[in-house]
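*Asks:* After the structure tokens below, expect a handful of questions from me.
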Amino acid sequence: MPSDEQFPLVLSRDEHSLSRKEIDSDALKVLYRLHRSGYKAYLVGGGVRDLLLGKQPKDFDIGTDASPETVRRLFRNSRIIGRRFKINHVYFKGNKIVEVTTFRAEVDSDEDTEDVEPVMRDNQYGDDESDALRRDLTINGLFYDISDYSIIDYVGGIKDLRDGIIRIIGEPERRIREDPVRMIRAVRHAARTGFEIEPATLSAIFELAQQIELSSPARVHEEVIRDLTGGHAREAFRLFDKTGLLPYLTPIVSEAIDRDRSRAWECLDHTLSRIDDMSKSASPATVGTYFAAMLIGLAGEPELSKRVPESVSAEVAPYFAETRKDLNQALEGSRPFENLERASAPAGRGPMRRGNRRKAKKSTLRKTIDTLYQPLQITRRERDVMEDALRMRFAMLTATMSADPDEREKALRSIKSSPLFSAGIKLLRLTAREDNKEILAEWEAVASERIKRGKKNDRRDKKKSGRRRRRRRKRGKRADSSDQT
């Protein structure tokens, strides 16, 4: 934290650019009611940061010195959640939630916490200054006071915003040992804003990168998903590599980079850029599809052979081939459609009863996926989507490469009618390079036909539904007239 300034630094209304007009109307209602009831009411965290950067915040979180029980009494449309630390969710129309948190105290941690799982002791109430000091980054420690429309800065966040700096609040090594997930958050905000990570913070992350293994896998998984789907995955994974975090998050990607850095990053840059574009589009793919895309071209024989037996590696390698040349080498002259029926899987992929699911045998590809992303402990849903997308992409590539017209036509019909088509085409869009552009163009035409056919079927179903309603009305009128006679 900068030491040449006196804190708190208070910027009056005419000294900053944040306007009430940019704050969500429901969040303003909460702020004003807290203030009029005699409590401090601040817009906190990322909402203040984003508004000062000229961006639209996703959430508007509020901090106050009112207890959770007091907030519950003030807002009948609220509910207290949380066991370790109680917070209030205030509910509005449209499934909108405004989160209200009572100021927390900054509690000093023990020094000898290096070899134990970090425990965040933030379940004590405090004041606004202690609440600012316990936050992760200086740019996230700013408060907007609704009482006089000023911005309060206890941590040097204003200066770091102006200078384009990402800085952990307090002593970086101690704060990282308290909660190693702060390293991922520092990388995320540097990727999203384009800011530089200040030297002391960067050095601490590099030295303590392995500490991320002490964090809950579920929390790390959630943080990585936010980086992958936030529209800045390319910059985030570049920084994961630079800071030394990548081997502990996605070891297989790190190993591919170590084996051939230029080729691996050429592949990753292309895929992650496509992921960013798709995440910002109107029809983003699922997380499982993004995870699958990152393996294409990177999960080669050297990486697979370290994790699965040689026979399994040879079986699953074609699913991760990037180009037609790589796919031909992986298939080694075998019939390209020997796995097509399983790949398209038009039947047997629907919901299963819980008992049947336990009995279902895991495929070799699914077992391999579990091994490749083991540190992140991906969910069953993500694993299922990954397998479906990889199989369908493999089917699309091999079907287009077939030299037998009859076999090719049969494969095309099977793929077109498959419920997994959408997952396959999205994965193909994310991973298609120059070598596969013609294949992608062919399947894009098929996708357009499916969309047109779907719209046509929707119109037909709508007309049928209208005719049924009219017939029911006519029958009802006849019945009424017969009753009157």
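The values are calculated or read from the model by the stated rules, or taken from the named source; none is laboratory data. Values in this document were obtained by computation on a predicted structure and should not be read as measured data. Methodologically, a virtual Cβ is constructed for each residue, glycine included, from the backbone with ideal geometry; neighbour enumeration extends over all protein chains shown.
*Asks:* Working only within the stretch 191-208, note down all residues that are out of contact with any helix residue (DSSP H, G or I) (no Cβ under 6 Å at 6 or more places or on another chain) and in contact (Cβ under 8 Å) with a residue 24 or more places away in the chain. Lay out the reasoning, then the answer.
*Replies:* Taking the stretch 191-208 first, the residues out of contact with any helix residue (DSSP H, G or I) (no Cβ under 6 Å at 6 or more places or on another chain) are 192-196, 198-199, 202-203, 207.
Listed by number, the residues that qualify are 192, 193, 194, 195, 196, 198, 202, 203, 207.
*Asks:* Moving on. Any residue that is buried (at least 23 other Cβ atoms within 10 Å of the Cβ) and free of Cβ contacts under 8 Å to residues at least 40 places away in the same chain - is there at least one of those in the stretch 176-190?
*Replies:* Yes: the stretch 176-190 contains one or more residues that are buried (at least 23 other Cβ atoms within 10 Å of the Cβ) and free of Cβ contacts under 8 Å to residues at least 40 places away in the same chain.
*Asks:* Please find, among 475, 408, the residue that is at pLDDT below 85 and out of contact with any helix residue (DSSP H, G or I) (no Cβ under 8 Å at 6 or more places or on another chain).
*Replies:* Details: 408 fails: out of contact with any helix residue (DSSP H, G or I) (no Cβ under 8 Å at 6 or more places or on another chain).
Only one candidate qualifies: 475.
*Asks:* Hey, among 139, 158, which residue is buried (at least 18 other Cβ atoms within 10 Å of the Cβ), out of contact with any helix residue (DSSP H, G or I) (no Cβ under 6 Å at 6 or more places or on another chain) and touching a residue at least 40 places away in the same chain (Cβ under 8 Å)? Spell out how you get there, then give the answer.
*Replies:* Values: 139 fails: out of contact with any helix residue (DSSP H, G or I) (no Cβ under 6 Å at 6 or more places or on another chain).
Unique residue meeting the criteria: 158.
*Asks:* How many residues are surrounded by fewer than 24 Cβ atoms within 10 Å (Cβ to Cβ) and in a loop (DSSP other than H, G, I, E, B) when one looks only at the stretch 142-155?
*Replies:* 5
*Asks:* Please go through the stretch 295-329 and give me each residue that is closer than 21 Å to residue 374 by Cβ, touching a Leu at 6+ places or on another chain (Cβ under 6 Å) and either outside the structural domain of residue 396 (by TED's automatic domain parsing) or not small (Gly, Ala, Ser) (or both), ordered by number.
*Replies:* 316, 319, 320
*Asks:* Between residues in the stretch 389-404 that are in the same structural domain as residue 423 (by TED's automatic domain parsing) and in contact (Cβ under 8 Å) with a residue 40 or more places away in the chain and residues that are part of a helix (DSSP H, G or I) and aromatic (Phe, Trp, Tyr), which pairs lie under 6 Å by C-beta distance while being six or more apart or on different chains?
*Replies:* Listed pairs, sorted by first residue: 390/319; 394/319; 396/443.
*Asks:* Now for a different question. Residues that are crowded, with 18+ Cβ neighbours inside 10 Å, out of contact with any Gly (no Cβ under 8 Å at 6 or more places or on another chain) and within 30 Å of residue 190 (Cβ to Cβ): does the stretch 73-80 have at least one? Walk me through how you get there before you give the answer.
*Replies:* The first filter runs over the stretch 73-80 and keeps only residues crowded, with 18+ Cβ neighbours inside 10 Å, leaving 74-75, 78.
The next check asks that each one be out of contact with any Gly (no Cβ under 8 Å at 6 or more places or on another chain); those that pass are 74-75, 78.
From the residues that got through so far, the ones that are within 30 Å of residue 190 (Cβ to Cβ) too are none.
Within the stretch 73-80 (the criterion being crowded, with 18+ Cβ neighbours inside 10 Å, out of contact with any Gly (no Cβ under 8 Å at 6 or more places or on another chain) and within 30 Å of residue 190 (Cβ to Cβ)), the answer is no, since none of the residues qualifies.
*Asks:* Any residue in the stretch 14-27 that's closer than 21 Å to residue 93 by Cα: show its pairings with residues that are of a type in the set (S, T, N, Q) and in a loop (DSSP other than H, G, I, E, B) at Cβ separation under 9 Å, as long as the two are six or more apart or on different chains.
*Replies:* Note: pairs meeting the criteria are 22/56.
*Asks:* Need the failing condition index for residue 14 against (1) in a helix (DSSP H, G or I); (2) modelled with pLDDT under 95; (3) more than 23 Å from residue 162 (Cβ to Cβ), just the number.
*Replies:* (3)
*Asks:* Quick one: count up the residues across the stretch 217-253 that are outside any helix (DSSP H, G or I) and more than 18 Å from residue 288 (Cα to Cα).
*Replies:* The initial filter retains those residues of the stretch 217-253 that are outside any helix (DSSP H, G or I), namely 230-232, 244-245, 250.
With the extra rule that they be more than 18 Å from residue 288 (Cα to Cα), the set shrinks to 244-245.
Of the residues in that region, 2 qualify.
*Asks:* So residue 33 ticks every box in (1) part of a helix (DSSP H, G or I); (2) modelled with pLDDT under 95 but one. Which box is left unticked?
*Replies:* Every listed condition holds for residue 33 apart from (2).
*Asks:* Looking at (1) in a helix (DSSP H, G or I); (2) touching a residue at least 60 places away in the same chain (Cβ under 8 Å), which is the one condition that is false for residue 418?
*Replies:* Against the list (1) in a helix (DSSP H, G or I); (2) touching a residue at least 60 places away in the same chain (Cβ under 8 Å), residue 418 comes up short only on (1).
*Asks:* Something else about it: Tell me yes or no: at least one residue of the stretch 455-467 is assigned to a helix (DSSP H, G or I), over 30 Å from residue 421 (Cβ atoms) and more than 29 Å from the chain's Cα centre (by Cα). Steps first, answer last, please.
*Replies:* From the stretch 455-467, those assigned to a helix (DSSP H, G or I) are 455-467; that's our starting set.
Those still in the list that are over 30 Å from residue 421 (Cβ atoms) too: 467.
Still in the running and more than 29 Å from the chain's Cα centre (by Cα): 467.
Yes, the stretch 455-467 contains at least one residue that is assigned to a helix (DSSP H, G or I), over 30 Å from residue 421 (Cβ atoms) and more than 29 Å from the chain's Cα centre (by Cα).
*Asks:* In the stretch 273-291, how many residues are more than 16 Å from residue 188 (Cβ to Cβ), assigned to a helix (DSSP H, G or I) and hydrophobic (A, V, I, L, M, F, W, C)?
*Replies:* 2
*Asks:* Another question, if that's okay. Only one of 271, 229, 289, 250 is surrounded by fewer than 22 Cβ atoms within 10 Å (Cβ to Cβ) and touching a residue at least 60 places away in the same chain (Cβ under 8 Å). Can you tell me which?
*Replies:* Details: 271 fails: surrounded by fewer than 22 Cβ atoms within 10 Å (Cβ to Cβ); 289 fails: surrounded by fewer than 22 Cβ atoms within 10 Å (Cβ to Cβ); 250 fails: surrounded by fewer than 22 Cβ atoms within 10 Å (Cβ to Cβ).
Exactly one residue qualifies, and that residue is 229.
*Asks:* Please go through (1) more than 26 Å from residue 279 (Cβ to Cβ); (2) assigned by TED's automatic domain parsing to the domain that holds residue 290; (3) not small (Gly, Ala, Ser) for residue 427 and return the number of the only condition it doesn't satisfy.
*Replies:* Only one criterion is unmet by residue 427, namely (1).
*Asks:* Does the stretch 309-323 hold any residues that are assigned to a loop (DSSP other than H, G, I, E, B) and either under 28 Å from the mean Cα position of the chain (by Cα) or surrounded by 21 or more Cβ atoms within 10 Å (Cβ to Cβ) (or both), and which are they?
*Replies:* So the first thing to find is which residues in the stretch 309-323 are assigned to a loop (DSSP other than H, G, I, E, B), and the list is 309, 321-323.
Within the stretch 309-323, 321, 322, 323 qualify.
*Asks:* Has the stretch 431-440 got at least one residue that is at pLDDT 90 or above, assigned by TED's automatic domain parsing to the domain that holds residue 273 and part of a helix (DSSP H, G or I)?
*Replies:* Taking the stretch 431-440 first, the residues at pLDDT 90 or above are 431.
Cutting the leftovers down to assigned by TED's automatic domain parsing to the domain that holds residue 273 gives us 431.
In the following step, the residues that additionally are part of a helix (DSSP H, G or I) were identified as 431.
Yes, the stretch 431-440 has at least one match.
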